[in-house]
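Worksheet for the structure shown next.
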Amino acid sequence: MAKSQKSGYQITEKPFYVPIRDEVIIFERAFSEKIPVLLKGPTGCGKTRFVEYMAYHLSKNSKGTGLLFTVACHEDLTARDLTGRYIMKGGEAVWIDGPATLAAREGGILYLDEVVEARKDVTVILHPLTDHRRMLPIELLGEQVKAPESFMVVLSYNPGYQSVRKNLKQSTKQRFIAIDFAYPPPEKEIIIITTEGAVDRQTAEKLALLGNDIRNISTIDLEEGVSTRSLIYAARLIKQGMQPRRACSIAIAQAITDEKDEIAALEVIIDKIFR
Ligand SMILES: Nc1ncnc2c1ncn2[C@@H]1O[C@H](COP(=O)(O)OP(=O)(O)O)[C@@H](O)[C@H]1O
Ligand SMILES: [Mg+2]
């Protein structure tokens, strides 16, 4: 692969990541043992940031390459989008490797974000990559790429959105170990909001408290609690000079639900904290 092509996937700076439980050590061990990893958890709780951090961390502390090939899955994503395709260039068909092929050739982490969104044929091409074979068959090239030591497959998905149609097959799931992510506990979320939102500690404390209250609310039935990402957005609006209650209404209440009475109930909690 040309240097310029590869450099786009290289994590060169240490991503800011606050470890929540034992996920770093689990991931290190999985990497050493060549076991693929599934990250489960609600949206905006740190799964993607964790993978970015681990790609960097493994390149400094183990045999990782620091390469991270991220694929945002969607329902039109096909296996060919992952393996590669021919494109016409000056009247000639030129083969372009897809992210899975690049990762299998160069080593590094192949990260499929929100994998349940992808079509079933996408997960099927993962099978030979995630068992003892560790190889990727590319039909169009008649080639089998053998993945190096540093190659690893990581998937993420949000079990909260699960439906029968959108679920991983057992035969896929059981090739992975699964790390369960949850929202960070308040003392850690305060640090994350302070750093990522660049607000003072007092504001971060209030936002973390708000997050905690909303997640524990029993009077309304929200589809999902407020994400760390939304709390950070509120912090950033506040930092820009927006009145905190308005910032929280926009970044949090309006973002998590469209139901008028739920928004009103959330604004009551916001007003109590940011009087
Ligand atoms: N443990 C953490 N350490 C540092 N930042 C975090 C952490 N958890 C969440 N964040 C922040 O929250 C944002 C959303 O997290 P992200 O990894 O994109 O969520 P997910 O992939 O689970 O949807 C990140 O961009 C980051 O700013
Ligand atoms: Mg993500």
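List of remarks:
- Subset of segment 126-139 [closer than 14 Å to Ala79 by Cβ and open to solvent by 30 Å² or more (accessible area, probe 1.4 Å)]: Pro137, Glu139
- Considering segment 1-116, the qualifying helices (runs of 4 or more DSSP H), each wholly inside and each with 1 or more residues that are open to solvent by less than 60 Å² (accessible area, probe 1.4 Å) and touching a Phe, Trp or Tyr at 6+ places or on another chain (Cβ under 8 Å), run over 23-33, 47-61, 99-106.
- Only one of the listed residues (Asp258, Asp221, Asp200) is of a type in the set (Asp, Glu), more than 20 Å from Pro42 (Cα to Cα) and without any contact (Cβ under 8 Å) to a residue 12 or more places away in the chain. That residue is Asp200.
- Scanning segment 13-44 for residues that are at pLDDT 95 or above and β-branched (Val, Ile, Thr) turns up Val18, Ile20, Val24, Ile25, Ile26, Ile35, Val37.
- When the criteria are applied in full, Arg119 fails the requirement of being open to solvent by 10 Å² or more (accessible area, probe 1.4 Å), of a type outside the set (A, V, I, L, M, F, W, C) and within 16 Å of ligand 1 (Cβ to nearest atom).
- Residue match in segment 226-234 (condition: more than 22 Å from Arg49 (Cα to Cα) and either without any contact (Cβ under 8 Å) to a residue 12 or more places away in the chain or part of a helix (DSSP H, G or I) (or both)): no
- If you filter segment 167-218 down to residues that are under 30 Å from Asp131 (Cβ atoms) and among the hydroxyl-bearing types (Ser, Thr, Tyr), you find that the one that is surrounded by the most Cβ atoms within 10 Å (Cβ to Cβ) is Thr172.
- Test: residue in segment 185-203 that is within 16 Å of ligand 2 (Cβ to nearest atom) and not assigned by TED's automatic domain parsing to the domain that holds Arg119: yes
The values are calculated or read from the model by the stated rules, or taken from the named source; none is laboratory data. This structure is a prediction, so every number in the text was calculated from the model and none was measured. Counting neighbours? That spans all protein chains shown, and the Cβs are built from the backbone with ideal geometry, glycine included. Accessible surface is based on the protein model in full, side chains and every heavy atom, while ligands, DNA and RNA are left aside. Shrake-Rupley method; radii C 1.70, N 1.55, O 1.52, S 1.80 Å.
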